[in-house]
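First comes the structure, then the notes that go with it.
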Amino acid sequence: MTPESTQCPDLEALFTELEEGAGPCLEHAKGCPLCSAILEEHRLLEKDLFRLTDPLPPPDLVHQVMARVSAEPPPLRRELWTGVTILAVSLLVGLGVLLSNDAALSSAGTGLARSMVSSRAAFEALRSGANALWNTAAAPVAVMLALLLFSSLFGIKRLAGHSLPPSEA
Ligand SMILES: [Zn+2]
């Protein structure tokens, strides 16, 4: 133990003075490598914690995004249209699969009609409609739903990825 380290103040006193902004312990820390290292570590930790507990986007996020949109209109618009087109095509394909399946459509139509009569009949109709759809087109429906989900996610990711590059997030 060097003479300096035996004079080091209690950490609690040091941090209390740090919050107050002045004091004998802070004066000591200025000339003490051990205490200034502790203070620096505390400062960095506090900064990280602040960043972790503040996940909300900055209040001027919309302004930043709009500024970026006006700054580079042609490429960003092309990316936006790519994303929107992917989403639209996904929805159309998903809808097309359902509409092109006569059995599923007629089951759904019957179910819809019956649902007007009573809620219990509606439940049965929906159940049999879902069963019919699954029995007649389980594989294609599952595949199309998976494709729909993935392409939608891809489209959204493209949109989000271009609006907020990680370098400036
Ligand atoms: Zn010290």
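The values are calculated or read from the model by the stated rules, or taken from the named source; none is laboratory data. Please read all numbers here as calculations on a predicted model, not as lab measurements. Don't worry about glycine lacking a Cβ; one is built from the backbone with ideal geometry, like all the others, and counts go over all protein chains shown.
Odds and ends about this structure:
- Close pairs (6 angstrom Cβ cut-off, 6 or more residues apart or separate chains): free of Cβ contacts under 8 Å to residues at least 40 places away in the same chain in the range 7-33, more than 10 Å from the ligand (Cβ to nearest atom) and among the charged types (D, E, K, R) anywhere: GLY23/GLU17; CYS25/GLU17; LEU26/GLU17
- Subset of the range 7-54 [touching a Cys at 6+ places or on another chain (Cβ under 9 Å), acidic (Asp, Glu) and loosely packed, with under 11 Cβ neighbours inside 10 Å]: ASP10
- Pairs, first surrounded by 11 or more Cβ atoms within 10 Å (Cβ to Cβ) in the range 55-83, second at pLDDT 75 or above and outside any helix (DSSP H, G or I), C-beta under 8 Å, six or more apart: none
- Residue among ALA108, ALA122, ALA113 that is in a helix (DSSP H, G or I), at pLDDT below 65, in contact with a Leu (Cβ under 8 Å, 6 or more places away or on another chain) and not polar (S, T, N, Q): ALA108
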